[in-house]
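The structure appears right after this line, and notes come after that.
Values in this text are rule-based calculations from the coordinates and carry no lab data. Here the structure is a predicted model, which means the values were calculated and not measured. FYI the Cβ positions are ideal-geometry reconstructions off the backbone, even for glycines, and counts take in every protein chain you see.
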Amino acid sequence: MIECIFTIDYEIYGNGQGSLQELVYEPARRLMDIFQRADARFVAFVEAAELEMIDSNGTEAAIEMVKEQVWQLRREVFEIGLHLHPQWYNARRENGTWVLDDSEYNLCTLKRERIEWMVRKGIGYLRGILKEPGFTPLSFRAGNWLLQPSHTATAVLAEQGIRLDSSVFKGGLQRGRGLDYRPALKNGYYWTFQHDVNAEEPEGRLLEIPIHTRLVPCWRMITPKRLALQRKGKVLARKSAPPSLRQRASRICDLLRFRYPLKFDFCRMTLEELQASIKDMIREDQKSPALLKPLVAIGHTKDLHEFETVARFLSYLKDQEIKVSTFEEVFGRCRGAEVRPEIQARNQYAGQC
């Protein structure tokens with residue numbers, strides 16, 4: 001049984017460049033409308049550190065529209081997840097642009113006290129936006145997918161009430177950042193973990209539902225759509241420090257593999273590529289139709305331009321009788337446990353809409 005979970009990272013560019021209205025508010029507004037017309041919902045991974053720093057520094061008037069939109073998403077029964085790029089918390093303004101603290105790029109390499117402070121702060125900011133003092137997101141996604149080394153961050157997230165992570169993309173490798181998700185290739189469609197996000201632990205405190213990937217020849221990553229988005233990102237990246245020679249060499253080594261993980265990215269893939277991913281899964285599902293197979297699609301508001309592709313893909317999923325779900329809807333079935341009461345109530349409300 002396949003269920004497709006759409007997730008969108010709600011953020012501007014990673015170097016702090018870009019307009020909130022153009023890269024966050026407008027794409028999310030249009031995506032929200034498409035999903036509502038399809039009677040479906042997505043998971044918005046709201047980048048709390050970025051938004052709070054922009055908000056507290058008063059650098060963009062559009063922050064008020066964005067905060068209102070996050071509240072509206074919650075009201076309309078879309079799921080709100082926590083997304084953190086920790087380099088934002090020590091960010092400063094210089095000559096009208098943001099300078100981020102790259103020494104805090106990976107949440108998992110920081111001291112436990114710092115990790116706990118950041119997670120608490122991120123959740124607290126979301127509570128303020130949503131006007132819900134008791135709100136705790138079910139799901140988390142690490143900045144740049146970095147949830148390694150996992151142990152300390154996993155413990156902190158669980159202590160703060162987060163129950164699910166979706167940072168892993170099987171086969172992923174970023175040598176320069178210490179990310180290696182190749183061992184996760186041996187895992188199933190989801191698993192519990194505690195010490196190492198790659199290793200299934202039956203008593204683990206967090207559930208991992210990874211971003212769906214397919215291993216493809218590296219040349220399959222070179223498509224006109226992807227190249228256009230990369231060119232746009234590079235134009236803005238010129239305003240920040242260029243990557244070092246070592247960083248560029250490391251990235252080339254990551255890419256030069258016979259088989260590369262192609263993320264199920266509904267912003268970067270064509271309709272044909274998206275449909276091909278589903279067709280592969282349908283063939284696999286025929287071997288074990290009773291087994292739940294949550295298929296996580298990823299997108300970024302900053303990459304979202306072809307809205308018609310999203311609408312047509314949702315229609316295709318409906319034709320294939322594939323349900324569009326959220327983490328809140330599948331969590332209990334993945335863990336074989338009761339769903340948190342507030343989530344159960346929200347799901348019942350969604351069914352009445």
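Distance between the C-alpha centers of the stretch 1-17 and the stretch 54-87? Whole Å please.
The stretch 1-17 and the stretch 54-87 have Cα centres spaced 14 Å from each other.
Provide the percentage of antiparallel DSSP beta bridges, counting only those with both residues in the stretch 2-348; round to the nearest 5.
30 percent
Which of the trypsin sites (Lys or Arg not before Pro) found in the stretch 119-174 are loop residues per DSSP with 15 or fewer other Cβ atoms within 10 Å of their Cβ?
131
Under a Cβ-only charge scheme (Lys and Arg +1, Asp and Glu -1), can you give me the dipole magnitude of the stretch 2-348 about the Cα centre, in debye to the nearest 20?
1080 debye
Please identify the trypsin sites (Lys or Arg not before Pro) of the stretch 266-321 that satisfy two criteria: DSSP loop assignment and at most 10 other Cβ atoms within 10 Å. Which are they?
287
Return an integer: the convex hull volume of the alpha-carbon atoms of the stretch 2-348, in Å³ per residue.
Dividing the Cα hull volume of the stretch 2-348 by its residue count gives 134 Å³.
Quick query: amide H of residue 208 versus all other amide H atoms, modeled in the peptide plane; which residues come in under 5 Å with a sequence gap of 5 or more or a different chain?
Excluding prolines and chain starts, which carry no amide H, the hits are 165, 191, 192, 193.
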